[in-house]
Every structure is written in C-alpha cells, then in structure tokens.
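What follows is one structure encoded as structure tokens, with my remarks underneath.
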Amino acid sequence: ETGVTQTPRHLVMGMTNKKSLKCEQHLGHNAMYWYKQSAKKPLELMFVYNFKEQTENNSVPSRFSPECPNSSHLFLHLHTLQPEDSALYLCASTNTGELFFGEGSRLTVL
Amino acid sequence: TQLLEQSPQFLSIQEGENLTVYCNSSSVFSSLQWYRQEPGEGPVLLVTVVTGGEVKKLKRLTFQFGDARKDSSLHITAAQPGDTGLYLCAGVWGLRSTLTFGKGTMLLVSP
C-alpha cells in the first residue's frame with residue numbers, strides 16, 4: 001500500500017465533461033496539497049488543506065473545485081475545462097513541510 | 001514572487017560521468033529541498049538543507065547549501081542510468097510555509 005495514492009492515473013475529457021480526481025494518503029498527515037505540473041513550467045501550487053480546512057487557494061479558476069472530506073482524502077472536481085488545463089495533477093501530503101507525492105493524474109482535455 | 005532558477009535545464013551524459021546541477025535565488029532561503037521525479041511518477045524527496053554551508057551525502061549524491069543560503073548544488077558521482085529523472089529544488093523563504101519549486105533539471109544517463 002503506497003503512501004499517497006491518486007486515481008485515475010490517466011483521464012481524457014471533453015471541455016463539457018465533469019470529472020473528479022481522487023487522492024488518498026495513508027501516512028497520517030494533516031496537510032494535503034494539489035499541484036499542477038505542465039511542461040517547461042515549475043510545479044504550480046493550487047490548493048492547500050490543513051486539518052480539512054482550505055488554507056490556500058493560489059488564484060485557481062473556479063472550474064477547479066477542491067474537496068477535503070477528511071484528513072486522508074482530497075478530491076479535485078473538474079468542470080468545463082480548457083485544453084490548456086491539460087497537465088499532470090499531483091497530490092501531496094505532509095506534517096513537516098517535506099512533501100510526499102502521489103504518482104499523479106495525467107489529464108488531457110480535448 | 002520568489003524565483004528559483006535551476007541550471008542546466010537539460011543534461012545528457014554517459015554512465016560513469018560526474019555532474020553538478022544548480023539551484024539559485026536572489027533571496028535567502030529558510031530551507032531548501034531537492035526532489036527527484038522519474039518518468040511517470042511523482043517527485044520523491046532526496047534531502048532537506050537548512051544551515052548555510054551544510055553538506056549532505058546520499059550515496060553518490062552530494063548536496064551543498066551555500067553559505068549565504070541563496071543557492072544550492074547537487075553533485076552526482078559516477079552517474080548511472082537509474083539516476084535518470086527530473087531533479088527539482090524547492091525553497092521556503094521567510095515566514096512562508098509552502099514550497100516554491102524551480103523548473104527542474106532533466107538528467108538523462110545513457111548506458
């Protein structure tokens with residue numbers, strides 16, 4: 001059982017679809033993050049949750065909607081995405097500031 | 001916005017060669033981390049450095065934190081194909097608690 005698990009690993013969706021990415025961590029961490037990784041760009045922090053409360057929203061468009069029902073689970077709900085949203089979406093968790101990442105969900109928006 | 005520059009962007013070498021990659025900022029880091037990301041995977045933490053002048057070794061990898069805590073380097077001795085991946089540095093400045101990542105150095109080690 002890996003520390004941070006993301007599903008699905010790959011997702012292809014049209015611009016009018018609604019889909020969700022899921023992240024689960026088995027490390028007992030209190031903070032969970034969503035990052036976006038695009039080619040030739042640094043990892044972009046999207047959202048931070050501490051003890052289920054959102055503590056950071058890095059000016060992310062509203063077509064991305066996070067949900068954190070408990071400290072172990074984090075979702076990213078996707079709606080009316082654009083082709084430029086195609087990227088690798090990484091979830092991470094931590095208690096100390098040292099991040100443990102999942103393997104990512106590769107999203108392609110057609 | 002804090003900027004973190006990594007160089008080179010891409011490095012292709014033969015097995016057995018040595019290499020150094022760099023991470024620089026114009027501001028003083030509170031701490032700095034190095035991660036390696038293999039193709040199709042998420043980044044994995046290699047090391048955290050906190051003290052200026054600090055040197056940490058992880059097998060064939062040597063990490064150095066600059067005296068002024070504005071720069072860091074990663075030196076790999078006798079590179080192997082398994083070292084192939086994207087090397088990311090990430091820093092924390094001042095009172096911020098979240099990391100800012102560089103674009104990374106993509107390393108390709110050929111047999």
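Numbers for the structure displayed
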{"quantity": "Span per principal axis, largest first, for the Cα atoms of chain A (Å)", "calculated": "37, 27, 27"}
{"quantity": "15 Å Cα-Cα reach of residue A:22 towards aspartates and glutamates, excluding residues that sit fewer than 8 places from it in its own chain", "calculated": "A:67, A:103"}
{"quantity": "Gaussian network model of chain A, springs between alpha carbon atoms under 10 Å - residue of A:62, A:20, A:72 with greatest fluctuation", "calculated": "A:62"}
{"quantity": "Average beta carbon contacts from partner chains per residue of B:82-91, 10 Å cutoff", "calculated": "1"}
{"quantity": "Lysines whose Cα lies under 19 Å from that of residue A:18, excluding same-chain neighbours fewer than 8 positions away", "calculated": "A:36"}
{"quantity": "3J(HN,Hα) from dihedral phi, the stretch A:52-69, Karplus parametrisation 6.51/-1.76/1.60, rounded to Hz, x for glycine, proline", "calculated": "6, 9, 6, 10, 8, 10, 8, 6, 7, x, 5, 5, 9, 10, x, 8, 10, x"}
{"quantity": "10 Å binning of all Cα-Cα separations within the protein assembly as shown, expressed as whole percents from 0 upward", "calculated": "8, 32, 35, 20, 5, 0"}
{"quantity": "For A:94-107, mean number of other protein chain Cβ atoms within 10 Å", "calculated": "4"}
{"quantity": "Along each principal axis, Cα extent of the stretch A:64-110, largest first, Å", "calculated": "37, 20, 13"}
{"quantity": "Residue-averaged beta-carbon neighbours from other chains (10 angstrom radius) around A:42-50", "calculated": "3"}
{"quantity": "Sequence-distant residues sharing a close amide H with residue A:80 (under 5 Å, placed H)", "calculated": "A:17"}
{"quantity": "The stretch B:70-111 shape via C-alpha gyration tensor axes, a/c threshold 1.5", "calculated": "prolate"}
{"quantity": "Shape of chain B, Cα gyration tensor, a/c cut at 1.5", "calculated": "prolate"}
{"quantity": "For residue B:69, distant residues with modelled amide H under 5 Å away", "calculated": "B:53"}
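No value in this document is a laboratory result; all are computed from the given coordinates. All values reported here derive from a predicted model rather than from experimental measurement. Don't worry about glycine lacking a Cβ; one is built from the backbone with ideal geometry, like all the others, and counts go over all protein chains shown.
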